[in-house]
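Peer 1: Structure in structure tokens, see below.
The values are calculated or read from the model by the stated rules, or taken from the named source; none is laboratory data. A quick note: this is a predicted structure, and the numbers were derived from the prediction, not measured. Because the Cβ atoms are built from the backbone with ideal geometry, glycine has one as well, and the counts that use them run over all protein chains shown.
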Amino acid sequence: MNQDEPTRAPIDSRGNFHDAVRGAFAEAALVGCREILLIDDDFADWPISEREVIDDLTHWVQAHRSFTVVARNFDEIARRHVRWVTWRRQFAHVVHCRTNNDLEAGQMPTILLAPGLLSVRLFDRVHYRGIASRETADAVQWREAIDAVLQRSEEAFPATTLGL
């Protein structure tokens with residue numbers, strides 16, 4: 001999604017969802033935003049480990065930025081997104097991983113939120129139905145959904161593991 005596109009665009013396929021996520025990271029890298037929040041059950045089908053996405057995140061990240069990732073568990077991220085895990089290790093001072101064990105599988109919303117810039121939300125993960133939006137009302141509503149999950153979350157998925 002770029003500035004010339006409508007303020008809301010439907011997502012109706014896996015490809016549309018991936019394009020919306022890629023576009024969000026590319027725009028965040030180009031335009032900048034203070035924080036990015038991601039929330040999903042396990043991020044198994046997100047394009048977060050693609051080389052272009054990692055390049056965009058590296059361009060976006062700075063000391064005063066915040067990148068929050070909330071998942072029910074991080075097993076799929078560790079297994080499927082090795083580039084992202086490596087990138088996260090380098091920028092652990094900015095990236096905050098959290099988990100919410102109160103929610104059952106499928107109850108976690110699927111949202112990418114770059115406040116003040118754009119939002120991507122899947123309402124139906126099976127059929128990839130959702131919206132990519134620049135609407136403030138959508139961002140506020142989806143931020144409330146994220147905050148509700150964050151309030152009952154705890155730190156998870158350490159960037160490094162210390163062994164004895």
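Peer 1: In the stretch 125-157, what residues are in contact with a strand residue (DSSP E or B) (Cβ under 8 Å, 6 or more places away or on another chain), in a loop (DSSP other than H, G, I, E, B) and of a type outside the set (A, V, I, L, M)?
Peer 2: 125, 128, 134, 135, 153, 157
Peer 1: Restricting to the stretch 110-124, give me the number of residues that are in contact with a strand residue (DSSP E or B) (Cβ under 6 Å, 6 or more places away or on another chain) and among the small types (Gly, Ala, Ser).
Peer 2: 2
Peer 1: Let me confirm something: among 91, 67, 17, which residue is of a type in the set (Phe, Trp, Tyr) and either in contact with a His (Cβ under 8 Å, 6 or more places away or on another chain) or at positive phi (or both)?
Peer 2: Selected residue: 67, the only one of 91, 67, 17 that is of a type in the set (Phe, Trp, Tyr) and either in contact with a His (Cβ under 8 Å, 6 or more places away or on another chain) or at positive phi (or both).
Peer 1: While we're looking at this one, here's another question. Only one of (1) closer than 13 Å to residue 120 by Cβ; (2) within 12 Å of the chain's Cα centre (by Cα) is not met by residue 42, so which one is it?
Peer 2: Result: residue 42 passes all but (1).
Peer 1: Do you know which residues across the stretch 105-164 are surrounded by fewer than 13 Cβ atoms within 10 Å (Cβ to Cβ), under 25 Å from residue 85 (Cβ atoms) and among the hydroxyl-bearing types (Ser, Thr, Tyr)?
Peer 2: Hits for the stretch 105-164 are 160, 161.
Peer 1: Residues in the stretch 13-21: is at least one at pLDDT 95 or above and touching a Gly at 6+ places or on another chain (Cβ under 7 Å)?
Peer 2: Yes, the stretch 13-21 contains at least one residue that is at pLDDT 95 or above and touching a Gly at 6+ places or on another chain (Cβ under 7 Å).
Peer 1: Related question: Taking residue 51, is it more than 18 Å from residue 114 (Cβ to Cβ) and out of contact with any Ser or Thr (no Cβ under 6 Å at 6 or more places or on another chain)?
Peer 2: When the stated conditions are applied, residue 51 passes them.
Peer 1: Restricting attention to the stretch 119-143, report how many residues are touching a residue at least 12 places away in the same chain (Cβ under 8 Å) and of a type in the set (Asp, Glu).
Peer 2: Total satisfying the criteria: 2.
Peer 1: Give just the number: which of (1) closer than 17 Å to residue 158 by Cα; (2) at pLDDT below 95 does residue 67 not satisfy?
Peer 2: (2)
Peer 1: Can you say whether residue 122 is at pLDDT 95 or above, part of a strand (DSSP E or B) and more than 14 Å from residue 13 (Cα to Cα), as far as the supplied structure shows?
Peer 2: The answer is no for residue 122.
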